[in-house]
Amino acid sequence: MIEILQADITTLPVDAIVNAANHSLLGGGGVDGAIHRAAGPELKQYNQTHGGCPTGEARLSPGFKLPAKYVISTVGPVWYGGERGEAALLDSAYRNSFILALQHDIKSIAFPAISTGVYAYPKEMAARTALAVMKEYESKFERIIAACHTREDVDIYESVLAKLS
Ligand code: AR6
């Protein structure tokens, strides 16, 4: 069951929240900044052991002070107009997050709208990729949450999901 919620992802009591990180995995703005602030400085320290993360891949860390047990940091693509493999890279970011979650017995997972902030990926196109991958993994999880920051994002996700179903 895919749940579309308007929520601050840092408050969600799930097994794992996914972070829309950058290659360093050491923090930034947007949802990344919020997650690092809520988790505490241990997240940055821990992520130094990963030595970075390429676009489309994902890395696991503990949730530290977060209600979530784990943080899965993934790096979405920067939007350059769609001709630089952005759709495949965004698909990989979601897919590799799910694969990592399955390897760690994670049953409930929440995602932000990866790449749709600073990285400027068009929201509706990003929601189509996000929800298509979520549907593929739906049967393997107890809860998959699309954590939308705004009411407008909820509306986009709901209309895209209705078309996919
Ligand atoms: N909970 C849920 N969603 C949120 C929250 C939150 N607390 N805060 C923001 N969003 P962005 P990106 C939404 O820019 O585009 C960072 O600096 C936001 O409204 O956080 O993948 C990283 O270090 C938007 O819909 O991530 C990278 O450098 C979505 O999260 C870069 O930004 C993603 O926006 C990554 O850019």
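The values are calculated or read from the model by the stated rules, or taken from the named source; none is laboratory data. Remember, predicted model here, so these are calculated numbers, not experimental data. No Cβ is skipped: glycine too gets one built from the backbone with ideal geometry, and neighbour counts run over all protein chains shown. Ligands, DNA and RNA are stripped out before the accessible areas are found, and what is left, the full protein with its side chains, is counted by its heavy atoms. Shrake-Rupley method; radii C 1.70, N 1.55, O 1.52, S 1.80 Å.
Computed over region 103-152, the P(r) tail beyond 19 angstrom holds 30 percent of alpha carbon pairs.
Rolling a 1.4 Å probe across all protein chains gives Glu158 an accessible area of roughly 90 Å².
Restricting to Cα pairs below 8 Å that are 6+ residues apart, what does the relative contact order work out to for the chain? Please round to a whole percent. Before the final figure, lay out each step's value.
On the way: 339 pairs, mean separation 50.1, N = 165.
Relative contact order, the chain: 30 percent.
In region 117-165, if the dipole is taken from +1 on Lys/Arg beta carbons and -1 on Asp/Glu beta carbons about the Cα centre, which of Tyr137, Pro122, Thr150 is farthest to the positive end? Towards the positive end, the residue furthest out is Tyr137.
The Cα-based radius of gyration of the chain, divided by its Kirkwood radius, gives an Rg/Rh of 0.93. Heavy-atom accessible surface of region 2-164, averaged per residue, reaches 45 Å², computed with a 1.4 Å probe.
How large, in percent, is the carbon and sulfur part of the accessible surface of the chain at a probe radius of 1.4 Å? Could you put the intermediate results ahead of the total?
Numbers: 4030 of 7580 Å².
Of the solvent-accessible surface of the chain, carbon and sulfur hold 53 percent.
Centre-to-centre, using Cα atoms only, region 114-139 and region 90-106 are separated by 14 Å.
Let me check something: with ligands and nucleic acids excluded, how do Met134, Met1 order by accessible area (1.4 Å probe), largest to smallest? Intermediate results must be reported in sequence, preceding the final value.
Details: Met134 0, Met1 135 Å².
Most to least solvent-accessible, the answer reads Met1, Met134.
How big is the Kirkwood radius of region 60-130, worked out from every pair of different alpha carbons and given in Å to one decimal? After inverting the mean inverse Cα-Cα distance, the result is 12.9 Å. Since only Phe64, Gly29, Thr74 are under comparison, the one whose Cα sits farthest along the positive direction of the charge dipole of region 2-164, derived from C-beta charges on Lys, Arg, Asp and Glu, is Phe64.
Using the Cα centre as the reference, give the magnitude of the dipole from point charges on the C-beta atoms of the chain (Lys, Arg: +1; Asp, Glu: -1; all else neutral), rounded to the nearest 20 debye.
Details: 15 positive and 18 negative charges, 59 e Å.
Approximately 280 debye in magnitude.
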